[in-house]
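Everything below concerns the one structure shown next.
The values are calculated or read from the model by the stated rules, or taken from the named source; none is laboratory data. Please read these numbers as outputs of a predicted model, since none were measured by experiment. Every residue, glycine among them, receives a Cβ derived from its backbone with ideal geometry; neighbour counts consider all protein chains shown.
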Amino acid sequence: MQKKYLMTPGPTTVPSEVLLAQARPMIHHRTPDFNACVRECAEGLKYVFQTELSDVLMFASSGTGAMESAIVNCFCPGDKVIVCYNGKFGQRMESLSKAYGLEVTTLSYGWQQCVDPQDIADALAAAPDTRGVIVTQSETSSGVLNDVEAVGAIVRAYPECVLIVDSITGIGAVECKTDEWGLDVVMTGSQKGLMLPPGLAACTVSPKAWKAYERSTLPKFYFDWGKYRKSLKDDTTPFTPAVSLMIGLAEALRLIREEGIENVIARHAKLAEATRQGCVALGLELFAPPEGRGNAVTPVWVPEGIDGKKLVSTLKNKYGVTIAGGQDDYAGRIFRVGHLGYVGDFDVIVVLAALEMALKELGYVFEAGAGIKAAEAVLMG
Ligand SMILES: Cc1ncc(COP(=O)(O)O)c(C=O)c1O
């Protein structure tokens, strides 16, 4: 037997309380019991997204479903949007926008750069009839955290322009103040900070985004927000929901409320810092820039002379610790340690210990135990 540890930025480990809730016998979704579950999920998600003003809609889909829903519900063909990206997932929003015939202005950055809010301000000033700005808060492919608060302050001045934020690995890991920051649509997926298996997505819809919905003419059916809003008023869903996942979500939200969202975020910040300090103490170089490091995932350069893919496979096969490799141009060149959702101090210690062992085996020279020691200092501090 080999004990397994899942340390990727999604899917993430599911707590036993949530697993057990999902294992309950199936119930019918048009029943008072399930209505109560929908109500609990909707209220709990509002708490997690830190919103009173927005509705929170839930879909039986992966996170990309929520992303697609944002496009088809906010825009008309030919609408101007500004898409900012500094990684793989922001690029997906660009592809989605183009797939639906939007006129896209792309602000693209290197994977080690943050989106510059001033560029958005300039692009909006140059095209004030822009209908949407789209930003990824926590770019999972690069670990970069973009300043959506600053972007919110800019977009707020344009009453016809909605701000759409992919916070799929942000929610539950970093601060995301939907109302306070003026974020119109914020999206997440279940397999991340919500500590569930994949298969559910959620997004917030602000009053401004509902106005965009009313004028939007892009074709929509399954993801038509209006259907979800109407059903939500009766504590139900327009289509057969992912019943077990939603029962699990109610449980996961209870756990988050018990800890308190501010404490959940503070825990992630500490674990991220411990991981970073641990890696630096091993002589490894962090990938994301100091001004934009998120709490969900720590990407690290594979040291010179080490085979990055072998490092990831050694961790998994020999030590039972699954981390993520790099994507696209960074495949084999970086590795990414996830510390998102149901994670605690000792998960970070485990992953650093396994990393040390795997690096040693692959011939990397460093002071054994240095990573753990540095991480412990953060965890105890
Ligand atoms: C930032 C970000 N956006 C979008 C997605 C896509 O979500 P999904 O794979 O659930 O469709 C992911 C998934 O990892 C992500 O991390």
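Testing SER138 on (1) within 16 Å of the ligand (Cβ to nearest atom); (2) surrounded by fewer than 17 Cβ atoms within 10 Å (Cβ to Cβ), one condition comes back false. Which one is that?
(2)
Checking ARG156 against (1) of a type outside the set (A, V, I, L, M, F, W, C); (2) within 16 Å of the ligand (Cβ to nearest atom); (3) surrounded by fewer than 20 Cβ atoms within 10 Å (Cβ to Cβ), only one condition comes out false. Which one?
The one condition ARG156 does not meet is (2).
Sort out which residues of segment 59-86 are surrounded by fewer than 20 Cβ atoms within 10 Å (Cβ to Cβ) and part of a loop (DSSP other than H, G, I, E, B), and write them in order of number.
Within segment 59-86, ALA60, SER62, CYS76, PRO77, GLY78 meet the criteria.
Take MET1 and decide whether it is of a type outside the set (Asp, Glu) and at pLDDT below 95.
Values: of a type outside the set (Asp, Glu): yes; at pLDDT below 95: yes.
Against the criterion (of a type outside the set (Asp, Glu) and at pLDDT below 95), MET1 qualifies.
Restrict the check to segment 223-240 and report whether at least one residue is more than 30 Å from TYR100 (Cα to Cα) and in contact with a Cys (Cβ under 9 Å, 6 or more places away or on another chain). Show your work before the answer.
First pass over segment 223-240, keeping only residues more than 30 Å from TYR100 (Cα to Cα): 234-235.
Checking the rest, the ones that are also in contact with a Cys (Cβ under 9 Å, 6 or more places away or on another chain) come to 235.
Scanning segment 223-240 turns up at least one residue that is more than 30 Å from TYR100 (Cα to Cα) and in contact with a Cys (Cβ under 9 Å, 6 or more places away or on another chain).
Taking the condition of a type outside the set (S, T, N, Q) and either over 27 Å from VAL343 (Cβ atoms) or in a helix (DSSP H, G or I) (or both), does MET1 pass?
Considered against the rule, which asks whether it is of a type outside the set (S, T, N, Q) and either over 27 Å from VAL343 (Cβ atoms) or in a helix (DSSP H, G or I) (or both), MET1 comes out as no.
Given the options SER216, SER167, name the one that is more than 30 Å from PRO32 (Cα to Cα), surrounded by 17 or more Cβ atoms within 10 Å (Cβ to Cβ), away from the ligand (no atom under 16 Å from the Cβ) and of a type in the set (Ser, Thr, Tyr). Break it down stepwise before answering.
Working: SER167 fails: away from the ligand (no atom under 16 Å from the Cβ).
That would be SER216, the only listed residue that is more than 30 Å from PRO32 (Cα to Cα), surrounded by 17 or more Cβ atoms within 10 Å (Cβ to Cβ), away from the ligand (no atom under 16 Å from the Cβ) and of a type in the set (Ser, Thr, Tyr).
Restricting the search to segment 98-121, which residues are assigned to a strand (DSSP E or B) and either of a type in the set (D, E, K, R) or touching a residue at least 40 places away in the same chain (Cβ under 8 Å) (or both)?
Residues of segment 98-121 assigned to a strand (DSSP E or B): 103-108.
Across segment 98-121, the qualifying residue is only GLU103.
Yes or no: PHE34 within 16 Å of the ligand (Cβ to nearest atom), in a helix (DSSP H, G or I) and among the aromatic types (Phe, Trp, Tyr)?
Details: within 16 Å of the ligand (Cβ to nearest atom): no; in a helix (DSSP H, G or I): yes; among the aromatic types (Phe, Trp, Tyr): yes.
The answer is no for PHE34.
For the list (1) without any contact (Cβ under 8 Å) to a residue 12 or more places away in the chain; (2) surrounded by 18 or more Cβ atoms within 10 Å (Cβ to Cβ), I need the number of the one condition that VAL18 fails.
(1)
Could you list, in sequence order, the residues of segment 192-209 that are over 21 Å from SER62 (Cβ atoms) and either within 16 Å of the ligand (Cβ to nearest atom) or surrounded by fewer than 21 Cβ atoms within 10 Å (Cβ to Cβ) (or both)?
Passing the criteria: only PRO207.
Considering segment 173-191 alone, what residues qualify as being away from the ligand (no atom under 12 Å from the Cβ) and surrounded by fewer than 24 Cβ atoms within 10 Å (Cβ to Cβ)?
Passing the criteria: GLU175, LYS177, ASP179, GLU180, TRP181, GLY182.
If you check LEU355, LEU359, LEU315, which single one turns out to be touching a helix residue (DSSP H, G or I) at 6+ places or on another chain (Cβ under 6 Å) and either surrounded by 19 or more Cβ atoms within 10 Å (Cβ to Cβ) or not in a helix (DSSP H, G or I) (or both)? Steps first, answer last, please.
On the way: LEU355 fails: touching a helix residue (DSSP H, G or I) at 6+ places or on another chain (Cβ under 6 Å); LEU359 fails: touching a helix residue (DSSP H, G or I) at 6+ places or on another chain (Cβ under 6 Å).
Checking each option against the conditions leaves just LEU315.
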